[in-house]
Amino acid sequence: MTRNDSGDGPVLAPWTVYSPQEDTQLLARALDRERIAEDTAVLDVGTGGGALALAAARRGARVTAVDTTYRAVLTARLNARLARLPLEVLHGDLFAPVVGRRFDLIVSNPPYVPAPGAVRRHRAAVAWDAGTDGRALLNRICHGAGTSLRPGGVLLLVHSALCGVAPTLAGLERSGLEAHVTDRWHVPFGPVLRSRLAWLRHRGLVGADEEKEELVIIRAERTR
């Protein structure tokens with residue numbers, strides 16, 4: 001078990017739960033720009049250790065966090081208890097645990113790394129691997145976000161440009177949301193991407209001289 005700084009305070013994260021990294025920090029900055037009040041209902045989809053959910057809770061929001069692994073759920077609950085913040089943490093697949101509920105703000109830092117093989121659900125890689133195109137979770141989030149937002153509600157989503165920005169924007173628009181990129185950030189390839197650079201280059205996802213990954217924040221609003 002290690003402590004990682006999420007920007008608002010340290011978060012406990014065992015090796016099997018995604019630790020706050022550059023993508024978490026970028027999404028936290030986008031979250032800071034949103035108007036949040038005590039009656040704001042926030043949903044964190046794929047919460048991991050709960051860093052983003054706790055950031056919203058610190059601002060007074062009513063926060064629900066969801067993750068598909070029990071180890072992440074337990075970690076987020078522990079972090080909420082240590083931070084002395086109210087946080088509803090549910091186990092389940094994406095929006096399934098909150099069917100029928102509507103939120104003012106949804107944040108998500110889902111798995112998005114292209115992977116050459118099937119994800120092994122019992123491995124730590126479940127926190128980042130997302131199929132050969134990296135879109136196994138992204139496409140489903142784009143499809144389901146619209147029905148989980150109230151009119152005027154906002155989705156904040158972070159992912160790598162390696163898995164395609166245009167498909168995300170198009171998918172969100174098909175769900176009735178107005179979407180655009182608000183932030184771009186280039187970071188050096190991490191250990192996971194470096195370990196599969198040959199495969200990524202063979203697929204044309206990474207150029208021969210590329211050394212950095214582009215992260216994007218997409219903001220989508222339900223206008224009706």
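Take Arg81 and tell me if it is free of Cβ contacts under 8 Å to residues at least 12 places away in the same chain, over 26 Å from Pro151 (Cβ atoms), out of contact with any Cys (no Cβ under 9 Å at 6 or more places or on another chain) and not hydroxyl-bearing (Ser, Thr, Tyr). Yes, satisfied.
The single condition from (1) in a loop (DSSP other than H, G, I, E, B); (2) free of Cβ contacts under 8 Å to residues at least 40 places away in the same chain; (3) closer than 22 Å to Arg222 by Cβ that Gly131 fails is (3).
Summed over the range 15-32, the residues that are touching a residue at least 40 places away in the same chain (Cβ under 8 Å) and farther than 16 Å from Trp185 by Cα give a count of 4. Within the range 134-181, the residues that satisfy the criterion of being within 26 Å of Ile36 (Cα to Cα) and assigned to a loop (DSSP other than H, G, I, E, B) are Ser175, Gly176.
Does at least one position in the range 70-82 carry a residue that is at pLDDT below 95 and assigned to a loop (DSSP other than H, G, I, E, B)? Scanning the range 70-82 turns up no residue that is at pLDDT below 95 and assigned to a loop (DSSP other than H, G, I, E, B).
Residues that are within 27 Å of Ala30 (Cα to Cα) and either of a type in the set (A, V, I, L, M) or in a strand (DSSP E or B) (or both) within the range 187-198 comprise Val187, Pro188, Val192, Leu193, listed in sequence order. Output the residues belonging to the range 81-103 that are crowded, with 21+ Cβ neighbours inside 10 Å and more than 28 Å from Gly131 (Cβ to Cβ). Passing the criteria: only Leu87. If you check Arg184, Arg201 for being outside any loop (DSSP other than H, G, I, E, B), in contact (Cβ under 8 Å) with a residue 12 or more places away in the chain and either among the charged types (D, E, K, R) or within 14 Å of Tyr112 (Cα to Cα) (or both), only one passes: Arg184.
Take Ser148 and tell me if it is buried (at least 17 other Cβ atoms within 10 Å of the Cβ), under 28 Å from Val98 (Cα atoms), of a type in the set (Ser, Thr, Tyr) and in contact with a strand residue (DSSP E or B) (Cβ under 7 Å, 6 or more places away or on another chain). It is true that Ser148 is buried (at least 17 other Cβ atoms within 10 Å of the Cβ), under 28 Å from Val98 (Cα atoms), of a type in the set (Ser, Thr, Tyr) and in contact with a strand residue (DSSP E or B) (Cβ under 7 Å, 6 or more places away or on another chain). Of all residues in the range 1-36, which are closer than 15 Å to Ala76 by Cβ, in contact with a Ser or Thr (Cβ under 9 Å, 6 or more places away or on another chain) and either at pLDDT 70 or above or not hydroxyl-bearing (Ser, Thr, Tyr) (or both)? Answer for the range 1-36, where residues must be closer than 15 Å to Ala76 by Cβ, in contact with a Ser or Thr (Cβ under 9 Å, 6 or more places away or on another chain) and either at pLDDT 70 or above or not hydroxyl-bearing (Ser, Thr, Tyr) (or both): Met1, Asn4, Val11, Leu12, Ala13, Pro14, Val17, Tyr18, Ser19, Pro20, Thr24. Starting from residues that are touching a Ser or Thr at 6+ places or on another chain (Cβ under 6 Å) and surrounded by 22 or more Cβ atoms within 10 Å (Cβ to Cβ), keep the ones in the range 59-78 and report whichever is nearest to Asp44 (Cα to Cα). Checked the range 59-78; the qualifying residue nearest to Asp44 (Cα to Cα) is Ala65.
Residue by residue through the range 103-134, note down the ones that are at pLDDT below 85 and among the hydrophobic types (A, V, I, L, M, F, W, C). Ala118, Val119, Ala124, Ala125, Val126, Ala127, Trp128, Ala130, listed by residue number. Annotation: of all residues in the range 213-224 being within 20 Å of the chain's Cα centre (by Cα) and of a type in the set (D, E, K, R), the one that is nearest to Arg102 (Cα to Cα) is Arg222.
Applying the condition of being more than 18 Å from Arg33 (Cβ to Cβ) and part of a strand (DSSP E or B) to the range 204-221 and asking which residue is modelled with the highest pLDDT yields Glu214. Filter the range 37-54 down to the residues that are farther than 17 Å from Pro110 by Cβ and modelled with pLDDT of 95 or more, then identify the one that is surrounded by the most Cβ atoms within 10 Å (Cβ to Cβ). The qualifying residue surrounded by the most Cβ atoms within 10 Å (Cβ to Cβ) is Leu54. Tell me, yes or no, whether the range 104-119 has at least one residue that is within 29 Å of Gly60 (Cα to Cα) and part of a helix (DSSP H, G or I). No: zero hits.
The values are calculated or read from the model by the stated rules, or taken from the named source; none is laboratory data. Remember, predicted model here, so these are calculated numbers, not experimental data. Using ideal geometry, Cβ is built from the backbone for each residue, glycine included, and neighbour counts are taken over all protein chains shown.
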